[in-house]
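Read-outs throughout are calculated quantities, based only on the coordinates presented, and are distinct from any laboratory measurement. Everything numeric in this text was worked out from a predicted model, so none of it was measured. Note that we place each Cβ from the backbone using ideal geometry, even for glycine, and neighbour counts take in every protein chain shown.
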Protein chains: 2
Amino acid sequence: MNIGIIGLGTVSRGFLEILEQKTDWISQKFGSDIKVVAVKDIARGNIYNPKGININELLNKLNNGEKISDTSLTDGDSLSEIDSIDLIVEATYSDYTTGDPAYTFIKDALTNGKHVVTTNKGPVALHYTELNKLANDNKVMLRYEGTVLSGTPTFSLIEECLAGDDIVSIRGILNGTSNYILSKMSQGDSFENALGVAQEKGYAEADPTNDVKGYDARGKVAILSHKVFGVDLGLDNIPTVGIDTISKEELDTAKKEGKNIRLVGSLTKTGKTIEARVQPEALDTEDALSNIGGVTNAIEVSTAYLGKLMVTGPGAGKLETGYSVFSDVLSIIKNS
Amino acid sequence: MNIGIIGLGTVSRGFLEILEQKTDWISQKFGSDIKVVAVKDIARGNIYNPKGININELLNKLNNGEKISDTSLTDGDSLSEIDSIDLIVEATYSDYTTGDPAYTFIKDALTNGKHVVTTNKGPVALHYTELNKLANDNKVMLRYEGTVLSGTPTFSLIEECLAGDDIVSIRGILNGTSNYILSKMSQGDSFENALGVAQEKGYAEADPTNDVKGYDARGKVAILSHKVFGVDLGLDNIPTVGIDTISKEELDTAKKEGKNIRLVGSLTKTGKTIEARVQPEALDTEDALSNIGGVTNAIEVSTAYLGKLMVTGPGAGKLETGYSVFSDVLSIIKNS
């Protein structure tokens with residue numbers, strides 16, 4: 001299994017660290033010889049080595065902020081056109097309007113018969129149906145565990161552990177940044193103050209729009225709808241209210257009633273219809289989602305046989321999201 | 001895949017209900033024709049039909065309290081000796097001293113080259129190493145998802161979704177009955193009163209020893225140690241304190257400090273050593289296990305890459321435990 005990586009940010013570094021530690025384990029367990037043969041990053045440079053890139057050396061250069069380019073690959077070369085690559089890890093960036101540049105990278109890779117693992121929500125939320133068809137037509141796999149709850153098992157849990165059970169509804173705390181801000185606000189902080197601290201700690205970006213307006217949670221709800229229920233809702237059809245609308249009065253009332261306000265993304269199946277939304281909700285402390293504090297994410301699944309089931313775990317982080325890529329790669333090895 | 005079932009109590013009925021609904025789905029998804037060809041129950045009777053037993057008819061008889069015996073199979077016949085059976089669902093009963101009669105049924109089935117799915121904790125906690133070796137020697141699978149957290153994915157989560165991650169420690173609320181009693185006690189009920197209500201509701205048995213003395217949780221800790229860490233601790237080497245020792249003062253102090261008392265089963269790996277115990281602990285409300293109320297079970301896993309991860313779900317129930325058998329059967333179909 002020869003891997004190419006596009007985008008060498010935090011996620012790819014986390015993935016490479018894990019892969020470096022687990023290469024021997026993979027070969028023992030699956031009899032699969034796994035190599036990273038090409039990497040490409042708009043800022044850091046490009047390498048192609050059909051014999052396998054030395055991951056330790058690469059990580060050292062990346063961690064020291066050094067350029068990595070050698071003459072083996074130019075900015076103009078596409079990993080999708082390198083025959084020896086079997087699987088492309090796509091970890092660049094995207095938006096919720098076009099999904100690009102990630103969308104184009106994924107499309108090219110699938111069209112050229114490469115398996116794809118991505119952590120980019122934009123292309124999956126916006127173009128799931130097309131990308132899924134492309135993967136099927138080209139007999140390759142497209143996996144994106146990291147798009148929801150980073151490495152915390154979500155899709156693998158549903159596919160592997162809940163196979164044969166019927167999912168009726170899903171509710172989740174899908175955005176760690178807004179949950180962190182809400183936790184601070186319930187302790188008395190103002191929205192502006194809590195956001196400031198979240199930005200200082202690196203939880204929120206300089207432009208926090210996607211987090212505080214609920215767009216990030218909405219993207220994840222769209223992906224869940226596609227993947228779990230097979231329904232393409234369209235982002236614009238998911239009613240979305242962010243946490244920037246919450247007033248001091250609402251917080252005080254919730255506190256007085258012993259409730260916690262949480263930004264909840266939810267999907268409910270009725271017949272063939274999916275009703276989905278993202279909105280702040282004042283939750284009773286009996287409600288399991290109410291007790292999820294800080295940047296933690298959680299997803300509660302209601303099923304026909306098991307009733308309510310919840311998974312709680314990290315929603316971001318280098319190794320955490322790197323592990324999502326690693327587990328998707330393992331899954332592709334197992335199934336190919 | 002021809003199935004034989006020993007023991008036709010609640011768990012088997014739950015399994016049969018799910019199987020009846022999902023037979024077509026299995027054949028579409030896995031191309032596997034699944035039939036129940038023999039059932040055997042010490043009180044209800046025995047049937048053998050190599051063409052497949054009509055599950056609906058069987059369930060009706062079982063639900064109406066009717067005897068099911070026909071002349072096809074006698075009490076003396078062993079399902080393990082029927083050649084056409086590929087997989088035996090063992091759902092009789094056992095204790096934590098010998099693990100019998102479940103232990104003997106499982107041993108016979110494995111020795112005769114049958115896959116086994118069991119929900120009995122006794123034989124797995126006491127004889128894991130021997131049974132596992134028997135399964136390997138006979139090239140069959142032994143699965144027991146239902147022994148811990150009933151159908152809530154535990155072993156399948158660890159095997160399928162956390163593959164390649166390294167588990168450092170496990171803590172859990174592994175016994176719903178004692179957690180229910182503790183929840184009632186924290187609301188002011190006495191131990192005796194809370195136990196009485198638990199017995200009325202069917203959560204606790206007439207003899208509540210295994211639950212309130214922590215023996216049930218200890219058995220699950222032993223199974224986790226075997227399965228996750230490959231270490232045979234021996235039940236007697238797991239320090240165990242039950243909830244029957246908790247004084248009113250301890251409850252009052254915990255309440256005053258804003259804590260909840262929970263019966264926690266825990267395992268920590270240090271080098272090659274596993275330190276394991278079962279004991280009531282006063283947990284801060286920041287501790288995710290603290291907020292698990294009622295009969296719900298939960299397991300918190302700490303791993304090298306993902307940090308802390310928690311799964312919360314049912315720990316008992318007809319369909320819930322029936323689903324654990326169903327998911328083990330699916331797993332065997334997928335891997336055989």
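Remark: label point of B:Gly76 defined 7 Å out from Cα along the Cα-Cβ vector; separations to the same position in other copies 8.8 nm, ascending. Ordering A:Thr23, A:Thr71 by the number of other Cβ atoms within 10 Å of each residue's own Cβ, fewest first, gives A:Thr71, A:Thr23.
Against the compact-protein benchmark of 2.2 N^0.38 Å, the Cα-based radius of gyration of region B:1-156 scales to 1.00.
Only Cα pairs within less than 10 Å get springs; with that Gaussian network setup on chain B, which residue of B:Arg171, B:Arg218, B:Arg44 has the largest fluctuation? Checking each option, the largest mean-square fluctuation is seen for B:Arg44. With K and R counted +1 and D and E -1, the other residues having a Cβ less than 11 Å from that of A:Asn237 yield a net charge of -1. Between B:Asn237, B:Asn260, B:Asn46, find the one with the highest GNM mean-square fluctuation for chain B; connect C-alpha pairs within less than 10 Å. Looking only at B:Asn237, B:Asn260, B:Asn46, the largest GNM fluctuation is found for B:Asn237.
Note on B:319-331: average number of Cβ atoms from other chains within 10 Å of each residue's Cβ is 3. Counts of other chain beta carbons within 10 angstrom of each beta carbon in peptide A:150-163 average 6. Projecting the Cα positions of A:Val212, A:Thr273, A:Asn175 onto the charge dipole of region A:164-313 (unit charges on Cβ atoms of Lys, Arg, Asp and Glu, taken about the Cα centre) puts A:Thr273 furthest along the positive direction. When A:Glu200 is represented by a point 7 angstrom out along its Cα-to-C-beta vector, the spacings to that point in the other copies are 5.3 nm, nearest first. In plain terms, the C-alpha convex hull of region B:163-313 casts an average shadow of 9.1 nm² when viewed from every direction. Measuring spread by the Cα atoms of region B:7-91 yields a radius of gyration and Dmax of 12.7, 37 Å.
Computed from point charges on the beta carbon alone (+1 for Lys and Arg, -1 for Asp and Glu), the dipole magnitude for region A:1-117 about its Cα centre is near 240 Debye. With a cut-off of 10 Å between beta carbons, the residues surrounding B:Phe155 carry a summed charge of -2, where Lys and Arg count +1 and Asp and Glu -1. Panel order for B:Thr147, B:Thr111, by other beta carbons found within 10 Å of each beta carbon, from fewest to most: B:Thr111, B:Thr147. Take each residue of peptide B:289-300, count the partner chain Cβ atoms within 10 Å of its Cβ, and average: the result is 2. What you get for the protein assembly as shown, charging only the Cβ of Lys and Arg (+1) and of Asp and Glu (-1), is a dipole of about 340 debye around the Cα centre. Annotation: peptides A:153-166, A:322-335, A:283-296, ranked by per-residue average of other Cβ atoms within 10 Å with the highest first, follow the order A:322-335, A:153-166, A:283-296.
Among B:Ile106, B:Ile68, B:Ile173, the largest mean-square fluctuation in a Gaussian network model of chain B, built with springs joining Cα atoms closer than 10 Å, belongs to B:Ile68. With its label point put 7 Å out from Cα toward Cβ, A:Val168 sits 3.8 nm from the same residue's point in the other copies, in order from shortest. For the listed residue pairs B:Lys67/B:Lys107; A:Lys259/A:Lys308; B:Lys227/B:Lys269; A:Lys35/B:Lys308; A:Lys114/A:Lys220, the alpha carbons are over 19 angstrom apart in B:Lys67/B:Lys107; A:Lys259/A:Lys308; A:Lys35/B:Lys308; A:Lys114/A:Lys220. Computed about its Cα centre, the charge dipole of chain B is approximately 420 debye, with only Lys, Arg, Asp and Glu carrying charge at their Cβ.
Built from the Cα atoms of region B:54-94, the convex hull projects on average onto 4.1 nm², one quarter of its surface area. With N the number of residues in the protein assembly as shown, Rg(Cα) / (2.2 N^0.38 Å) evaluates to 1.00. Computed from backbone phi with θ = phi - 60° and the Karplus coefficients 6.51, -1.76 and 1.60, the 3J(HN,Hα) list for region A:36-49 is 9, 9, 8, 9, 8, 8, 4, 9, 8, x, 9, 9, 9, 9 Hz; x is used for glycine and proline. Averaging Cα coordinates gives a centre for region B:143-219 and one for region B:259-290; these two points are 13 Å apart.
Packing around the peptides B:242-249, B:88-95, taken as the average count of other Cβ atoms within 10 Å per residue, puts them in this order, highest first: B:88-95, B:242-249.
Across chain A the C-alpha pair distances fall into 20 Å bins from zero in the proportions 31, 55, 14, 0 percent. Along the axis of the charge dipole computed for the protein assembly as shown (Cβ charges of +1 for Lys and Arg, -1 for Asp and Glu, origin at the Cα centre), the listed residues A:Pro239, A:Ala38, B:Ile82 are led at the positive end by B:Ile82.
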